[in-house]
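The values are calculated or read from the model by the stated rules, or taken from the named source; none is laboratory data. Remember, predicted model here, so these are calculated numbers, not experimental data. With ideal geometry, Cβ positions are generated from the backbone for all residues, glycine too; neighbour counts draw on all protein chains shown.
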Amino acid sequence: MTALRICFVGDSLTNGTGDDEFLGWPGRLCAAERRRGHDLTCYNLGIRADTSELIAARWRAECAARLPDLHPAALVFAFGNNDTAIEMGNGAVRVPLARSLATARAILAEAKAWKPVLFLGPWPAEEAKQPVNPSGKLGYDFRNARIAEYNGAYGKLAAELGIPYLDLFAALSRDPRWASASRAGDGIHPPAEGYVLVAERVGAWPAWRAWLD
């Protein structure tokens, strides 16, 4: 049995927006590990619409409050989709690629020096449903070509830093179950079925399993 406290730091995709069961993929992932006998504490630190820059401003304080040094702990970061989005009204990418990479580098390097770290990349959008307009006032347009560009750059950065990276974009783009779940969502947030698929992929990831098995 492994005892571990884990902060899952990200945006609405980490939060589980669109999931009627309010578990998202972190809740499902940790519940599955509990059934395997592991003693995990799951802290979901996903905030809707957060970019890498917004995460950079908050992650350390939020995680430090939850991960005292006397307990084994780890960090899982999952961000990037919001960086790639075009903000409706001004037509600009929210965080241009060079700035996004610099921010991700700062986050991940600091995190790795503190705790074990995993990094999950962005996932595909349902382009037929763009732009996504959750508030009715501010919309975001997600495009897969741009997500793929950021995803590839994040993967190279993670390799350079020696941090395991899960390429969800490539894996989910090839999965017909994801296509079905994505079509049932709002264009970026799937219903529960999509979060189940992500939890399954993370749970089978060798880098995740190395923390537990």
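For this structure, a couple of remarks:
- Test: residue in segment 61-74 that is over 17 Å from W114 (Cβ atoms), of a type in the set (G, A, S) and either in contact (Cβ under 8 Å) with a residue 24 or more places away in the chain or in contact with a Gly (Cβ under 7 Å, 6 or more places away or on another chain) (or both): no
- Taken together, A171, A199, A210 contain a single residue that is within 26 Å of C42 (Cα to Cα), small (G, A, S) and without any contact (Cβ under 8 Å) to a residue 12 or more places away in the chain, which is A210.
- Given (1) crowded, with 21+ Cβ neighbours inside 10 Å; (2) in contact with a Leu (Cβ under 6 Å, 6 or more places away or on another chain), number of the condition A158 does not satisfy: (2)
- Count of segment 84-97 residues, restricted to those that are touching a helix residue (DSSP H, G or I) at 6+ places or on another chain (Cβ under 9 Å) and loosely packed, with under 15 Cβ neighbours inside 10 Å, is 1.
- Selection status of A3, hydrophobic (A, V, I, L, M, F, W, C), touching a residue at least 12 places away in the same chain (Cβ under 8 Å), closer than 19 Å to V117 by Cβ and surrounded by fewer than 20 Cβ atoms within 10 Å (Cβ to Cβ): yes
- Condition check for L212: within 25 Å of M1 (Cα to Cα) and touching a His at 6+ places or on another chain (Cβ under 9 Å): yes
- Of residues in segment 197-212 being touching a Lys or Arg at 6+ places or on another chain (Cβ under 9 Å) and surrounded by fewer than 18 Cβ atoms within 10 Å (Cβ to Cβ), the one modelled with the lowest pLDDT: L212
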